[in-house]
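**Q** If you scroll down you'll find the structure; I have some questions about it.
The values are calculated or read from the model by the stated rules, or taken from the named source; none is laboratory data. Computed from a predicted structure; not experimentally measured. Positions of Cβ are generated from backbone atoms using ideal geometry, with glycine treated the same way; all protein chains shown enter the neighbour counts. We work out accessible area using only protein heavy atoms, side chains counted, and drop any ligands, DNA or RNA first. Shrake-Rupley method; radii C 1.70, N 1.55, O 1.52, S 1.80 Å.
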Amino acid sequence: MLNISGIKEGVVLDHIQAGKSMEIYKYLGLGKMDCTVAIIKNARSSKMGRKDIIKIEGPLDSLDLDVLGYIDHTITVNIIRDERIVEKRCLSLPDRLVNVIHCKNPRCITSVEQELPHIFYLADKEKEVYRCQYCDEKHS
Ligand SMILES: [Zn+2]
């Protein structure tokens, strides 16, 4: 059972690959958000051996779950209200990524036109391949 004590309203990210929690913290911009964050590293897990957990207390409106799906879609998102888990959300690879990854092709229009959003689409779901919407460059 996942221990959520101390959280009235928020979200607990469970089953994060051990060692990945800081990366997720950065991607989600949690440092800039006005919420309480607890990171648990190397927790014991019967499923995974070791895992990381992130507990976030506060309003979730600005939390971008699409980004999370891109980083690691095996993470379980537990939504917490009134100190209880009210919803478990499974993530999937997003079809589109906007301003998450950047195109590295020097001839791509996004390298010239700095104002353009960096848009990638999911080209191959099985191999988890994303391509730039403008020049089709593969992101690795
Ligand atoms: Zn491109």
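**Q** Once a ≥ b ≥ c are taken as the square roots of the eigenvalues of the Cα gyration tensor of the chain, is the result rounded (a/c under 1.5), prolate (a/b larger than b/c) or oblate (a/b not larger than b/c)? Spell out each step's value before the answer.
**A** Numbers: a/c = 2.48, a/b = 1.89, b/c = 1.31.
Taking the square roots of the gyration eigenvalues as a ≥ b ≥ c, the chain is prolate.
**Q** Under a point spin-label approximation (7 Å from Cα along Cα-to-Cβ), what is the HIS102-ARG44 distance to one decimal in nm?
**A** Placing both labels 7 Å along Cα→Cβ, they lie 4.4 nm apart.
**Q** A follow-up question, please. Over the chain, what relative contact order in percent results from Cα pairs under 8 Å that are six or more residues apart? Can you show the working numbers first?
**A** Working: 259 pairs, mean separation 29.7, N = 140.
21 percent.
**Q** Would you please classify the overall shape of the range 29-97 from the alpha carbon gyration tensor, given that a ≥ b ≥ c denote the square roots of the eigenvalues, rounded means a/c under 1.5, and beyond that prolate means a/b larger than b/c while oblate covers the rest?
**A** Details: a/c = 1.39, a/b = 1.05, b/c = 1.32.
Since a/c stays below 1.5, the shape of the range 29-97 is classed as rounded.
**Q** Testing the spin-label approximation: label points 7 Å from Cα along Cα→Cβ at SER5 and ARG84. State their distance in nm.
**A** My value for the distance between the label points is 1.9 nm.
**Q** Continuing with the same structure: Report, in whole Å, the centroid distance computed from the Cα atoms of the range 90-140 and the range 19-62.
**A** So the two Cα centres are separated by 25 Å.
**Q** Using the eigenvalues of the Cα gyration tensor, what equivalent ellipsoid semi-axes result for the range 66-140 when each is taken as the square root of five times the eigenvalue, whole Å, largest first? The partial results should precede the final answer.
**A** Working: eigenvalues 197, 39, 11 Å².
For the range 66-140, the semi-axes come out at 31, 14, 7 Å.
**Q** Roughly speaking, to the nearest percent, how much of the range 1-123's 1.4 Å accessible area is carbon and sulfur?
**A** In the range 1-123, the share of accessible area belonging to carbon and sulfur is 47 percent.
**Q** Report the longest stretch of the chain that contains none of the GluC sites (Glu not before Pro) sitting in a DSSP loop with at most 15 other Cβ atoms within 10 Å.
**A** Working: sites that count: GLU83, GLU113, GLU115, GLU126, GLU128.
Answer - 1-82.
**Q** Calculate, for the range 96-139, the solvent-accessible area per residue in square angstrom, rolling a 1.4 angstrom probe over the heavy atoms of the protein chains. Could the numbers behind the result be given before it?
**A** Numbers: 3130 Å² over 44 residues.
Dividing the accessible area of the range 96-139 by its residue count gives 71 Å².
**Q** Sticking with this structure for a sec: When the helix-only estimate is applied to the chain (DSSP H runs of n ≥ 4, each -39,500 (n - 2.57), divided by the residue count), what is the mean residue ellipticity at 222 nm, nearest 500 deg cm²/dmol? Walk me through the numbers on the way to the answer.
**A** Values: 3 runs with 18 residues, N = 140.
Counting only the DSSP helices, I get -3000 deg cm²/dmol.
**Q** Restricting to lysines 8 or more places apart or on different chains, can you count the pairs in the chain with Cα atoms under 18 Å from each other?
**A** 18
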